[in-house]
Structures are given as structure tokens and as C-alpha cells.
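Novice: This structure is in C-alpha cells; I'll ask about it shortly.
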Amino acid sequence: MTENEREKELNAICLKFLDAFNKNDIDLVMSFFTEDAVYEEFHGKKNLGKSEIRKSFEKLFSGQFGKVRFDEDDTFISSSQNKVMSSWTLHLQISKAHKTMRGLDLLHFDGNLINFKGTYAKAAE
């Protein structure tokens, strides 16, 4: 596979991953991770393995933050390193209040699965 083909493949995986969040489908989101993946949350908590990552995401999928939608802003891909940096805007609709948060994810891949996800975010607007 050429670097260009791998870049397109990683980009497609990232868009499907983002779409899984927007579908509010935690099982689909979890299917993108290796069993031993690491997820570092924006406030510094480190989650080791799919079980801990799932527990971390359950809050987001529970509805306690209202309706959640992520929009992709920019994506930078290093196909030779199997790494992606994806910036996004998070829209939270809680009752009649709308809030947004900007952030980015650093994603490291093992094959076509994510084995590291580091999230960094700005305060809600």
C-alpha cells in the first residue's frame, strides 16, 4: 500500500469513528479500539484498556450532557507513523442551552485500530 492509499484509509477510519460518536453508538465507537488501547482524557485521566475506555465514554453516551455532536474541523495524517491529529468542534444541546467546545484528538493506530487516543480541549464557549 502506498503512503497516499494509507492516508486515505486512515482518513476514512477517522470519519467513521467520528460518525459513531454522532450516532451515539458506544458499541460501534468501542469497535475502533485495540484491546490494550490507552485513552488520555482532556483533564489528564488515563484509561487503560477497552473496559476502562468504555466506562469513561459511558457518561458522554448516557445523555447527561444532552445531545452531543462532533464536527470535524481539520485532520492531519502521518501515514508512515500511523498517526492522526483531528481537530473538532463539540456541540452540546442541554435543554434550550447550546454550548460548544473546541478540541483535538491525537490518534495512534495499530493496523486499522486505535491503540492511543489523547484528547485536548478548550473550555466551553
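The values are calculated or read from the model by the stated rules, or taken from the named source; none is laboratory data. Every value quoted in this text rests on a predicted model; they were computed, and no experiment measured them. Here Cβ is always computed from backbone atoms with ideal geometry, including for glycine, and neighbour counts include all displayed protein chains. Side chains included, ligands, DNA and RNA excluded: accessible areas come from the protein's heavy atoms. Shrake-Rupley method; radii C 1.70, N 1.55, O 1.52, S 1.80 Å.
Novice: Hey, can you tell me all the residues within region 15-26 that are touching a residue at least 40 places away in the same chain (Cβ under 8 Å) and either out of contact with any Phe, Trp or Tyr (no Cβ under 9 Å at 6 or more places or on another chain) or polar (S, T, N, Q) (or both)? Outline the logic, then answer.
Specialist: Applying the first criterion (touching a residue at least 40 places away in the same chain (Cβ under 8 Å)) to region 15-26 yields 15, 17-18, 21-22, 24.
Leu15, Asn22, Asn24, listed by residue number.
Novice: Please find, within region 79-97, the residue that is nearest to Leu113 (Cα to Cα) out of those that are out of contact with any strand residue (DSSP E or B) (no Cβ under 7 Å at 6 or more places or on another chain) and in a strand (DSSP E or B). Reasoning before the result, please.
Specialist: Step one: list which residues in region 79-97 are out of contact with any strand residue (DSSP E or B) (no Cβ under 7 Å at 6 or more places or on another chain), which gives 79-81, 94-97.
Now restrict to residues that are in a strand (DSSP E or B): 94, 97.
Details: Ile94: 32, Ala97: 35 Å.
Out of the qualifying residues, it is Ile94.
Novice: Among the residues of region 26-48, which ones are β-branched (Val, Ile, Thr) and within 10 Å of Ile114 (Cα to Cα)? Don't jump to the end; show me each part of the working.
Specialist: Within region 26-48, the first condition is being β-branched (Val, Ile, Thr), and the residues that meet it are 26, 29, 34, 38.
Within region 26-48, Thr34, Val38 meet the criteria.
Novice: Here's something else I'd like to know. Among the residues of region 81-103 satisfying the criterion of being under 16 Å from Ala12 (Cα atoms) and out of contact with any Cys (no Cβ under 6 Å at 6 or more places or on another chain), which is surrounded by the most Cβ atoms within 10 Å (Cβ to Cβ)? Even if it seems obvious, please write down each step before you answer.
Specialist: Initial filter on region 81-103 (under 16 Å from Ala12 (Cα atoms)): 82-88.
Subset that is out of contact with any Cys (no Cβ under 6 Å at 6 or more places or on another chain): 82-83, 85, 87-88.
Numbers: Asn82: 17, Lys83: 15, Met85: 16, Ser87: 15, Trp88: 21.
Filtering region 81-103 for residues that are under 16 Å from Ala12 (Cα atoms) and out of contact with any Cys (no Cβ under 6 Å at 6 or more places or on another chain), the one surrounded by the most Cβ atoms within 10 Å (Cβ to Cβ) comes out as Trp88.
Novice: Is there a residue in region 77-90 that is modelled with pLDDT under 95 and farther than 27 Å from Glu3 by Cα?
Specialist: yes
Novice: Kindly provide the set of residues from region 60-71 that are in contact with a Ser or Thr (Cβ under 8 Å, 6 or more places away or on another chain) and either part of a loop (DSSP other than H, G, I, E, B) or loosely packed, with under 14 Cβ neighbours inside 10 Å (or both), ordered by number. Before you say what the answer is, go through the steps one by one.
Specialist: Taking region 60-71 first, the residues in contact with a Ser or Thr (Cβ under 8 Å, 6 or more places away or on another chain) are 66, 70-71.
Once the filter is applied, which keeps residues that are in contact with a Ser or Thr (Cβ under 8 Å, 6 or more places away or on another chain) and either part of a loop (DSSP other than H, G, I, E, B) or loosely packed, with under 14 Cβ neighbours inside 10 Å (or both), region 60-71 yields Gly66, Asp71.
Novice: Among what's in region 20-49 and is assigned to a loop (DSSP other than H, G, I, E, B) and of a type in the set (D, E, K, R), pick the residue that is most open to solvent (accessible area, probe 1.4 Å).
Specialist: Filtering region 20-49 down to residues assigned to a loop (DSSP other than H, G, I, E, B) leaves 23-25, 31-32, 41-45.
Now restrict to residues that are of a type in the set (D, E, K, R): 23, 25, 41, 45.
Numbers: Lys23: 125, Asp25: 56, Glu41: 29, Lys45: 106 Å².
For region 20-49, the residue satisfying everything is Lys23.
Novice: Among the residues of region 50-59, is there at least one that is open to solvent by 80 Å² or more (accessible area, probe 1.4 Å), within 24 Å of Asp27 (Cβ to Cβ) and in a loop (DSSP other than H, G, I, E, B)?
Specialist: no
Novice: Pairs under 7 Å by beta carbon, first residue within 21 Å of His108 (Cβ to Cβ) and of a type in the set (Asp, Glu) in region 48-75, partner open to solvent by less than 70 Å² (accessible area, probe 1.4 Å) and in a helix (DSSP H, G or I), six or more apart or different chains?
Specialist: Within 7 Å, the pairs are Glu72/Leu18.
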